[in-house]
1. If you take just the helices (runs of 4 or more DSSP H) that sit entirely in region 46-159, which of them hold at least 1 residues that are open to solvent by 10 Å² or more (accessible area, probe 1.4 Å) and more than 27 Å from Ala303 (Cα to Cα)?
2. For region 161-183: of the residues being in a loop (DSSP other than H, G, I, E, B) and touching a residue at least 12 places away in the same chain (Cβ under 8 Å), which is farthest from Gly148 (Cα to Cα)?
3. Which condition number does Trp193 fail, the rest of (1) more than 30 Å from Gly29 (Cα to Cα); (2) open to solvent by less than 10 Å² (accessible area, probe 1.4 Å); (3) in contact with a Leu (Cβ under 8 Å, 6 or more places away or on another chain) being met?
4. What do you reckon, is Thr246 surrounded by 23 or more Cβ atoms within 10 Å (Cβ to Cβ) and either under 17 Å from the mean Cα position of the chain (by Cα) or not in a helix (DSSP H, G or I) (or both)?
5. So which pairs qualify, if the first residue must be in region 243-257 and under 16 Å from Ile202 (Cα atoms) and touching a residue at least 24 places away in the same chain (Cβ under 8 Å), the second must be polar (S, T, N, Q) and surrounded by fewer than 18 Cβ atoms within 10 Å (Cβ to Cβ), the Cβ gap must be under 7 Å, and the two must be at least 6 apart or on different chains?
6. Restricting attention to region 288-339, and to residues there that are surrounded by 14 or more Cβ atoms within 10 Å (Cβ to Cβ) and polar (S, T, N, Q), which single residue is modelled with the lowest pLDDT?
7. Suppose we keep only residues that are among the β-branched types (Val, Ile, Thr) and touching a strand residue (DSSP E or B) at 6+ places or on another chain (Cβ under 8 Å) within region 213-243. Which one would you say is surrounded by the fewest Cβ atoms within 10 Å (Cβ to Cβ)?
8. Go through (1) touching a helix residue (DSSP H, G or I) at 6+ places or on another chain (Cβ under 6 Å); (2) under 26 Å from Phe199 (Cβ atoms) one by one and return the number of the condition Ala113 breaks.
Amino acid sequence: MADTTAKPKGAAARSSGTRRRGRKNTSPGLGDEKPEELLDYYRRMLFIRRFEERTAQAYTQARIGGYCHLNLGEEATVVGLLDALRPDDYLFTNYRDHGYAIEKGMDPKKVMAELYGRADGVSKGWGGSMHMYDTATRMLGGYGIVGGQLPLATGAALAISYRGGDEVVVCQMGDGTTNIGAWHESLNIAKLWNLPIVFVVINNFTGMGTTVEMSSAEPELYKRGSAFRIEGVRVDGRDVLAVRDTTAELVERARKEQTPFLLEAWSYRQKGHSVVDPAKYRTEEQWEQARADENDPITLFEAKLAEAGVLTDELREEIAASVKAEVAEAADFAENSPHPDVSTLFDYTYATPVPNESRRMPADPVFAE
C-alpha cells in the first residue's frame, strides 16, 4: 500500500461527520517536462471545465434531460488518467463520464450531441449523459447503475487474458461504489484469476450526500483492496502530473505482471452530486474548501505554469478563446443535430436479432388483430 499524499489532519468535525482534510500539493514538479506537453494538459483540462459548464447551462435551458453529472473539479484526474493509457487500452466509467469520453478520443461535438439526445451523438441519442459508449475508442460505457461497470470491466480483462493480449482495462468509479457487492466480487475474481485491470476510485469525499467516513469502516479507500491482496495507491487527484505518472506505473505493471491494482485519486467536487443537486448537506466551510483556489486543479496548474514561465498572460488568453470557440462549436453542432426517429427506438435493445422481440409502442394494442 502506498499513499503519495499527506494524510488528513485536524479534529473530527462532529456536526458533519467529516474530518477537515489538510492535504499538501504533492506534485513532482515540472522537471524535464516539455512545455508543449504541459500546455496541452492545461488546454485539455480547461476544455473539460468549459465543456461541463456549457453542459450545465444547456441543462437549465432544458436542452438536456435526464440525469446529468459533471466532472467539475476532477479535470486533472481525467486528463492524467487517460494520458497514461494506450489507445488500445479499455476504459469503463460510471455515469460521471463526459470528460473521460472526450479524453478517450470521442469527438466533443458528438459527446455534446449525445447529451442533447440527438441522432449524431456517440450513442445515437439513445444513451444520454450517463451512457457514453464507443467501441472505436474502446470506451465501453458510461453506466447509470452504481458499480454496474465493475463486473463488465473485469470480464473485459478476462477476455484479454484469455486471448493472450497485452491491453489493460481501467475501471473508474466513485467512492460510494466501494461498498457494494459488485466491488467485492469483481476485485476477488480479478485477483484470483490475475487479470490486467486497474480499478480507479475517484474519491471526492461524498457519495451523493454521505461522507466517506460515515459510510466506510475503512475510509482510506486505497487500502480497500487488501482483503483481496490487491496493491493500492493513493494520489493527489488535483495534480495532473502526479495522476499521469502514478497511473502509468500501475497500468504498465498490470500489463507486464498480469495482475490487478487499485488507485485512489482524491479531489473536490465543485458542485452537487448532479446538476440539480443543491448539496444542502454541505456546510459553508465545506463549500469554501471545495471551491478554494488551493483545491482547484486548473488554478493550481495554471499558477505552476506561469511561475515556470511556460504560460504567459497572452498565451492564457489565446488558449481560453480557442477553448471557448470549440465548446461553442460543439453546442451548435448538438443544437442542429436531428432527434432520433421514433422508429429506431428498439433498434439497439439487443446486439443480435431475438425471436419474438416486442417492438410495441405505447399506443399499440397489446394483441395484434
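1. 108-115
2. Asp166
3. (2)
4. Working: surrounded by 23 or more Cβ atoms within 10 Å (Cβ to Cβ): yes; either under 17 Å from the mean Cα position of the chain (by Cα) or not in a helix (DSSP H, G or I) (or both): yes.
Criteria met by Thr246.
5. Thr246/Thr4
6. Filtering first and then ranking leaves Gln289.
7. Initially, region 213-243 is screened for residues among the β-branched types (Val, Ile, Thr), giving 230, 233, 235, 240, 243.
Narrowing further to those that are touching a strand residue (DSSP E or B) at 6+ places or on another chain (Cβ under 8 Å): 230, 233, 235, 243.
Details: Ile230: 22, Val233: 19, Val235: 28, Val243: 27.
Checking each candidate, the answer is Val233.
8. (2)
The values are calculated or read from the model by the stated rules, or taken from the named source; none is laboratory data. Values in this document were obtained by computation on a predicted structure and should not be read as measured data. Cβ atoms come from the backbone with ideal geometry, glycine included; neighbour counts cover every protein chain shown. When the accessible area is computed, the model is the full protein with side chains, heavy atoms only, and any ligands, DNA or RNA have been set aside. Shrake-Rupley method; radii C 1.70, N 1.55, O 1.52, S 1.80 Å.
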